[in-house]
1. Among the listed residues LYS47, LYS63, which satisfies the condition of being of a type in the set (Lys, Arg) and at positive phi?
2. Just to be sure I understand the filter: pairs with C-beta atoms under 7 Å, separated by 6 or more residues or on different chains, first member in the stretch 22-47 and in a helix (DSSP H, G or I), second member loosely packed, with under 15 Cβ neighbours inside 10 Å. Which pairs pass?
3. Could you grab the pairs with beta carbons closer than 6 Å, sequence gap of 6+ or different chains, first residue in the stretch 134-148 and more than 7 Å from the ligand (Cβ to nearest atom), second one aromatic (Phe, Trp, Tyr)?
4. Quick one: ILE133 ticks every box in (1) surrounded by 19 or more Cβ atoms within 10 Å (Cβ to Cβ); (2) not polar (S, T, N, Q); (3) not assigned by TED's automatic domain parsing to the domain that holds LYS78 bar one, so which box is it?
5. Do we have any residue at all in the stretch 120-132 that's under 29 Å from LEU175 (Cα atoms), free of Cβ contacts under 8 Å to residues at least 60 places away in the same chain and within 7 Å of the ligand (Cβ to nearest atom)?
6. Mind listing just one residue for me: the one in the stretch 48-77 that is assigned to a loop (DSSP other than H, G, I, E, B), under 22 Å from ASN4 (Cα atoms) and not charged (D, E, K, R) and, of those, least open to solvent (accessible area, probe 1.4 Å)?
Amino acid sequence: MKFNVVTIFPEIVHAYVGMSILKRAVEKNLITVDIHNLRDYAEDKHKMVDDYPYGGGSGMVMKPEPFFRIAESIWPQKNKRKIIALSPKGRLFTQELASEISRESRDIVLLCGRYEAIDERVMQHLADDEISIGDYILTGGELPALVIIDAVSRLLTGVLGDSHSAKEESFSWGLLDYPHYTRPDEYDGMAVPRVLLSGNHNEITLWRKKQALKITQKRRPDLLRKYSLTQDEQRLLNDIKEEL
Ligand code: 9D3
């Protein structure tokens, strides 16, 4: 899968993509991440990429021309690329959207804004989609672009090792994770739950499912309402309610 990032801060994107799992995915040719400096596509000798807002108000707006110029020069064929603008008013990025993008056959182009906004004509006439990563205010679109690359890449075949199987993830889809433990079995008086040392795999699976239901009920009741419970899960949830 080919990702392109358009930004005035290429170093930020470069630093993260050069690390860890993404670095290995690039080395294994499973993904490519091309980083483009928007300023190289500015028209004037001062390399201006922002200007004052029409209608007044505070903050600067990113000029449209550099975005159109880079798109026309690098991705002239509209059917071969999907352009995504990162914006706080975009549609919410979720695991489902990550999965949708991972199945995309076109090259992905991520447009990062800084300042107050990107000129609306970029959103209307250049971008195919507009995405936000959540309801909090960041200083620009670079971290959101990296969040998308990270979440999408780990869904591609071969990017994660065998230790993270798709099977394991489908079990927990929709519920928060159960607690995890490793050695030692006791640290400074803090013991690992006995059931995990029992070797009884049915008991362990049941315990984990119960813990997942418990924490989801407590912290994310919204997720639990969307989740369709099996009979066993319904029974566990009843046990939890009685224990409270
Ligand atoms: C007062 C209006 N602000 C919008 C909430 C202005 C504004 C603040 C911060 C406009 C852009 C930004 C920079 N943020 C992004 O470019 C951004 C973002 C984010 O801030 N949160 C979640 N997802 C994203 S995607 C791009």
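The values are calculated or read from the model by the stated rules, or taken from the named source; none is laboratory data. Note that this is a predicted model, so its numbers are computed, not measured. So basically every Cβ, Gly included, is an ideal-geometry build from the backbone, and we count neighbours across all protein chains shown. SASA here: full protein model, heavy atoms, side chains in, ligands and nucleic acids out. Shrake-Rupley method; radii C 1.70, N 1.55, O 1.52, S 1.80 Å.
1. When all the criteria are applied, what remains is LYS47.
2. The qualifying pairs are VAL26/THR32; ARG39/LYS47.
3. Here the result reads GLU142/PHE9; LEU146/TYR16, each pair linking the stretch 134-148 to a residue that is aromatic (Phe, Trp, Tyr).
4. Only one criterion in (1) surrounded by 19 or more Cβ atoms within 10 Å (Cβ to Cβ); (2) not polar (S, T, N, Q); (3) not assigned by TED's automatic domain parsing to the domain that holds LYS78 is unmet by ILE133, namely (3).
5. Step one: list which residues in the stretch 120-132 are under 29 Å from LEU175 (Cα atoms), which gives 129-132.
Filter again for free of Cβ contacts under 8 Å to residues at least 60 places away in the same chain, leaving 129-132.
From what's left, within 7 Å of the ligand (Cβ to nearest atom): 131-132.
Yes, the stretch 120-132 has at least one match.
6. Only one residue fits best here, namely VAL49.
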